[in-house]
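Asks: If you scroll down you'll find the structure; I have some questions about it.
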């Protein structure tokens with residue numbers, strides 16, 4: 001495969017993965033209007049976010065194993081098509097049970113994608129180059145959030161909340177067709193030394209279980225910043241969605257910067273992804289504490305949320321994208337990515353449901369306090385993992 005064709009495939013997959021975040025953050029952006037016209041309330045909004053994260057988590061675990069063996073074009077095309085169609089049907093604003101079923105479909109469809117994205121990158125490049133390309137590919141997450149806020153705010157203010165689901169749905173489905181033609185030649189990751197590790201064995205691995213804890217904890221913050229950022233700004237500072245979007249946009253922009261500087265941070269930390277995660281969680285503690293103080297102005301609140309999102313974005317790259325590449329030789333990149341993503345979205349899903357109830361009765365303070373606590377817990381787990389790795393190196 002020549003370099004030109006690699007660039008075309010990379011660009012197609014990058015744009016496709018960007019599009020699904022436009023078709024995910026739309027619920028957060030449309031939330032205030034949907035609540036104003038009586039389609040949802042705060043608790044139901046939290047349940048929808050929880051349903052998405054929980055189904056996505058289960059789907060990542062299932063599809064992680066499948067993506068090691070299935071052709072990437074199949075997983076990507078089906079996932080993008082289903083995500084696009086479910087968003088289009090959500091725009092009909094069916095009864096609540098219909099919204100839950102459609103958003104569940106969107107969640108499962110999107111869970112089919114990331115492992116196959118990693119497989120595409122890993123198949124096209126050597127391991128060292130794949131790590132560099134992966135750190136670029138993950139910026140599609142922040143780019144999708146930025147475009148999601150800009151595009152969906154424009155659509156909601158000009159045409160209404162329905163169009164925040166129709167247009168992203170069509171965009172995602174069209175990109176699914178493009179990806180189908182671009183990636184047909186990419187085959188599943190083979191295991192050169194025939195030492196493919198079963199999913200059950202991976203789930204029993206002690207380090208894998210330990211890594212799942214910070215994966216869950218960072219997922220709590222990552223998913224709930226995305227879910228609640230618009231509602232929090234509108235509720236707390238009594239501004240309309242159009243005004244709040246100018247401030248909210250800062251969150252994914254700084255998150256994008258966090259993902260963009262990851263390669264430099266990774267190199268500075270001597271190619272130790274856990275060290276990058278450790279620094280990220282320390283930053284989360286400090287920023288979460290700032291949010292706990294009453295009387296914090298909107299600019300400071302948005303800045304603190306942005307810093308947390310940037311730190312979490314770097315942690316996300318370490319855990320979900322770089323860590324799985326350690327399993328390239330055994331052909332378990334997709335499986336390990338699926339396990340880590342399962343922990344991430346399971347944490348986010350459980351927390352979304354809890355936060356929906358807590359915010360309704362007690363406000364946002366308990367959520368910010370919990371972020372500081374879970375960041376400290378994650379720091380402890382990562383330090384223990386690092387100590388165990390050092391002991392293993394010394395014993396060798």
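Asks: Quick check on the range 2-23. Is at least one of its residues closer than 18 Å to residue 138 by Cβ and free of Cβ contacts under 8 Å to residues at least 60 places away in the same chain?
Replies: Yes, the range 2-23 contains at least one residue that is closer than 18 Å to residue 138 by Cβ and free of Cβ contacts under 8 Å to residues at least 60 places away in the same chain.
Asks: Here are 150, 141, 120, 129: which of them is modelled with pLDDT under 95, surrounded by fewer than 20 Cβ atoms within 10 Å (Cβ to Cβ) and under 25 Å from residue 336 (Cα atoms)?
Replies: Exactly one of 150, 141, 120, 129 is modelled with pLDDT under 95, surrounded by fewer than 20 Cβ atoms within 10 Å (Cβ to Cβ) and under 25 Å from residue 336 (Cα atoms), namely 129.
Asks: Could you go through the range 381-396 and let me know if any residue there is without any contact (Cβ under 8 Å) to a residue 60 or more places away in the chain, part of a helix (DSSP H, G or I), loosely packed, with under 15 Cβ neighbours inside 10 Å and within 23 Å of the chain's Cα centre (by Cα).
Replies: Checked against the condition, which is being without any contact (Cβ under 8 Å) to a residue 60 or more places away in the chain, part of a helix (DSSP H, G or I), loosely packed, with under 15 Cβ neighbours inside 10 Å and within 23 Å of the chain's Cα centre (by Cα), the range 381-396 yields no hits at all.
Okay, residues lined up against (1) buried (at least 17 other Cβ atoms within 10 Å of the Cβ); (2) part of a loop (DSSP other than H, G, I, E, B); (3) modelled with pLDDT under 85; (4) at positive phi:
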position: 5; (1), (2), (3), (4): no, no, no, no
position: 9; (1), (2), (3), (4): yes, no, no, no
position: 19; (1), (2), (3), (4): yes, no, no, no
position: 25; (1), (2), (3), (4): yes, no, no, no
position: 31; (1), (2), (3), (4): yes, no, no, no
position: 40; (1), (2), (3), (4): yes, yes, no, no
position: 70; (1), (2), (3), (4): yes, yes, no, no
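Asks: Within the range 361-372, how many residues turn out to be surrounded by 13 or more Cβ atoms within 10 Å (Cβ to Cβ) and out of contact with any helix residue (DSSP H, G or I) (no Cβ under 8 Å at 6 or more places or on another chain)? Show your work before the answer.
Replies: Initially, the range 361-372 is screened for residues surrounded by 13 or more Cβ atoms within 10 Å (Cβ to Cβ), giving 363-372.
Those still in the list that are out of contact with any helix residue (DSSP H, G or I) (no Cβ under 8 Å at 6 or more places or on another chain) too: 363, 365.
Total satisfying the criteria: 2.
Asks: Scan the range 199-217 and tell me whether some residue there is within 27 Å of residue 385 (Cα to Cα), outside any helix (DSSP H, G or I) and either without any contact (Cβ under 8 Å) to a residue 40 or more places away in the chain or more than 19 Å from the chain's Cα centre (by Cα) (or both).
Replies: yes
Asks: Okay, next question. Quick check: anything in the range 301-314 surrounded by fewer than 24 Cβ atoms within 10 Å (Cβ to Cβ), touching a residue at least 60 places away in the same chain (Cβ under 8 Å) and closer than 22 Å to residue 359 by Cα?
Replies: For the range 301-314, residues surrounded by fewer than 24 Cβ atoms within 10 Å (Cβ to Cβ), touching a residue at least 60 places away in the same chain (Cβ under 8 Å) and closer than 22 Å to residue 359 by Cα: present.
Asks: Where in the range 241-297 are there helices (runs of 4 or more DSSP H), lying wholly inside it, with at least 1 residues that are under 16 Å from residue 314 (Cβ atoms) and either touching a helix residue (DSSP H, G or I) at 6+ places or on another chain (Cβ under 9 Å) or touching a residue at least 40 places away in the same chain (Cβ under 8 Å) (or both)?
Replies: By residue number, 250-260, 262-268, 273-291.
Asks: Scan the helices (runs of 4 or more DSSP H) fully inside the range 98-168 and keep the ones with 1 or more residues being over 26 Å from residue 68 (Cα atoms). Can you show your working first?
Replies: Details: elements: 114-124, 127-137, 139-159.
Passing ranges, in order: 139-159.
Asks: Follow-up question, since we're still on this one. Taking the range 323-344 as the region of interest, how many residues are crowded, with 24+ Cβ neighbours inside 10 Å and assigned to a helix (DSSP H, G or I)?
Replies: Here the count works out to 13.
The values are calculated or read from the model by the stated rules, or taken from the named source; none is laboratory data. Bear in mind the structure is a predicted one, so any value in this text is a computation, not a measurement. Positions of Cβ are generated from backbone atoms using ideal geometry, with glycine treated the same way; all protein chains shown enter the neighbour counts.
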